[in-house]
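Asks: Next up is a structure, given as C-alpha cells.
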Amino acid sequence: MSGAPLVRPILLVGCGKMGGALLTGWRERGIAKSYLVVEPMMPASMRATEVTVYADPKALPADLAPAAIVFAVKPQALDDVAPHYRRYARTAPFLSICAGKTIAYFARQLGPDAAIVRAMPNTPAAIGRGIAVLCANPAADYAARALCGELLAAVGEIAWVEDEGLIDAVTAVSGSGPAYVFLLIECMAVAGVEAGLPADLAMQLARATVAGSGELARRAPESAAQLREAVTSPGGTTRAALDVLMAKDGLEPLMKKAVAAATRRSRELAD
C-alpha cells in the first residue's frame, strides 16, 4: 500500500464473489482501518471485527463519510440500489465493477457532480491475480483515481483507459477471458482422453500445463510469440499441432469471432 490505512471506511455495496474477493484483498493489504458492507446475505466467512455489515442501505449511519463507495451488485439491481447513495456524491468517489453499466448511467443515478470510476475486473481476483481496466469521468480527480486504482490493485494488476468505449472490448478479452482459458483446459483434457490417456491424468496435465504456461508468460521478458517459437522444433510434435491451430480456420480467427461476439453483447447490455 502507498501509505497508512485510510481512516475513513470503504463502503462496499454487494459482497458476492467479486465483492468478496475485493474485501479480502483490502483486508490483507490493510487498505483501510474499517469497512462497511451492505449485503443482506453476507457469508459468515467474510465477517470480521473491522467489517460492519448492514442488510439494508437505510440502516447506514446518518453521519457516515466513507472514503469511497464500491458497487459490486448485479447490474439489474442497480436501478433500485444506486439512488440510496446519491447523498455521498459530493464527498466520495464511486467505483463500479458492475458489467455493462456506463459512467453516464451512474451520473443519472448519482448526480452530475459525482466522481465515477468504472472498472472491469476478472475472476482471478479471487486469488489476487486478476486484472482490471478502469475509466473515470472528469469529476474524478487525481486523488479519486488513485484511490480507486489502489482498491483494485489489491487483487491484481490494473490499467487505465480514457475512452470508455474500450471497456466493451476489455470485457470481451479479460472480463470473459477466464472462461476461454477454462474451456481450453477442458478441450485439452478431452483431446488427451481421445489420444488414449486416462481422464484424470489428462485433466491433471491440461490444468498444470495451462497454469504453468500462463505463469511463464507472466514472468518471462519474451513475447508470447517468442515463447511459442522456443518450444517449437521444426518438424516436431509441437509444429504438427500448431499447423492445425494456426491454419486459416484455426484458433486465431475463431478467437477473433469469439471476442467480437462478446464485445457486441457488451455493447447491447449497455444500451
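The values are calculated or read from the model by the stated rules, or taken from the named source; none is laboratory data. This is a predicted model, so every value here is computed, not measured. No Cβ is skipped: glycine too gets one built from the backbone with ideal geometry, and neighbour counts run over all protein chains shown.
Asks: Among the residues of region 30-54, what is the count of those that are part of a helix (DSSP H, G or I) and either under 13 Å from L12 (Cα atoms) or charged (D, E, K, R) (or both)? I'd like the intermediate steps shown before the answer.
Replies: Start the filter on region 30-54 by keeping residues that are part of a helix (DSSP H, G or I), which leaves 44-46.
If we keep only those that are either under 13 Å from L12 (Cα atoms) or charged (D, E, K, R) (or both) as well, we get 46.
So the answer is 1.
Asks: Tell me which of these G16 doesn't satisfy, since it passes every other one: (1) surrounded by 16 or more Cβ atoms within 10 Å (Cβ to Cβ); (2) on the phi < 0 side of the Ramachandran plot; (3) of a type in the set (G, A, S).
Replies: (1)
Asks: Could you check, for region 19-29, whether at least one of its residues is surrounded by 18 or more Cβ atoms within 10 Å (Cβ to Cβ), in a loop (DSSP other than H, G, I, E, B) and small (G, A, S)?
Replies: Looking for residues that are surrounded by 18 or more Cβ atoms within 10 Å (Cβ to Cβ), in a loop (DSSP other than H, G, I, E, B) and small (G, A, S), one finds none in region 19-29, hence no.
Asks: Does R90 satisfy the condition of being assigned by TED's automatic domain parsing to the domain that holds C135, more than 30 Å from R264 (Cβ to Cβ), in contact (Cβ under 8 Å) with a residue 12 or more places away in the chain and under 19 Å from the mean Cα position of the chain (by Cα)?
Replies: no
Asks: Using the structure shown, decide if S45 is polar (S, T, N, Q) and either in contact (Cβ under 8 Å) with a residue 60 or more places away in the chain or in contact with a strand residue (DSSP E or B) (Cβ under 8 Å, 6 or more places away or on another chain) (or both).
Replies: Criteria not met by S45.
Asks: Same structure again: Quick check, is A92 assigned to a loop (DSSP other than H, G, I, E, B), over 20 Å from G16 (Cβ atoms) and touching a helix residue (DSSP H, G or I) at 6+ places or on another chain (Cβ under 8 Å)?
Replies: Spelling it out, it is not the case that A92 is assigned to a loop (DSSP other than H, G, I, E, B), over 20 Å from G16 (Cβ atoms) and touching a helix residue (DSSP H, G or I) at 6+ places or on another chain (Cβ under 8 Å).
Asks: So, restricting to helices (runs of 4 or more DSSP H) that lie completely within region 150-265, which ones have at least 1 residues that are outside the structural domain of I131 (by TED's automatic domain parsing) and free of Cβ contacts under 8 Å to residues at least 24 places away in the same chain?
Replies: Where helices (runs of 4 or more DSSP H) fall fully within region 150-265 and carry at least 1 residues being outside the structural domain of I131 (by TED's automatic domain parsing) and free of Cβ contacts under 8 Å to residues at least 24 places away in the same chain, they are 177-194, 199-219, 224-230, 237-245.
Asks: Also: Give region 107-122 a look and list any residue that's crowded, with 22+ Cβ neighbours inside 10 Å and of a type in the set (G, A, S), or say none.
Replies: Selection gives A114, A115, A119.
Asks: Then there's this: Failed condition for G192, given (1) touching a Leu at 6+ places or on another chain (Cβ under 7 Å); (2) farther than 23 Å from E252 by Cα; (3) not β-branched (V, I, T), with all others met?
Replies: (2)
Asks: In addition: Would you say I69 is more than 13 Å from the chain's Cα centre (by Cα), β-branched (V, I, T) and not in a helix (DSSP H, G or I)? I'd like the intermediate steps shown before the answer.
Replies: Working: more than 13 Å from the chain's Cα centre (by Cα): yes; β-branched (V, I, T): yes; not in a helix (DSSP H, G or I): yes.
Here the answer is yes, as I69 does meet what is asked.
Asks: Regarding P138, is this residue assigned to a loop (DSSP other than H, G, I, E, B) and surrounded by fewer than 17 Cβ atoms within 10 Å (Cβ to Cβ)?
Replies: Against the criterion (assigned to a loop (DSSP other than H, G, I, E, B) and surrounded by fewer than 17 Cβ atoms within 10 Å (Cβ to Cβ)), P138 qualifies.
Asks: Could you grab the pairs with beta carbons closer than 6 Å, sequence gap of 6+ or different chains, first residue in region 51-73 and in contact (Cβ under 8 Å) with a residue 12 or more places away in the chain and assigned by TED's automatic domain parsing to the domain that holds L23, second one among the small types (G, A, S) and surrounded by 14 or more Cβ atoms within 10 Å (Cβ to Cβ)?
Replies: Listed pairs, sorted by first residue: P66/A92; A68/A92; I69/A92; F71/S96; A72/G14; A72/G19; V73/G14.
Results for (1) surrounded by 13 or more Cβ atoms within 10 Å (Cβ to Cβ); (2) farther than 30 Å from R27 by Cβ, shown as yes or no for each residue.
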| position | (1), (2) |
| --- | --- |
| V133 | yes, no |
| I158 | yes, no |
| G177 | yes, no |
| R219 | no, no |
| L227 | yes, yes |
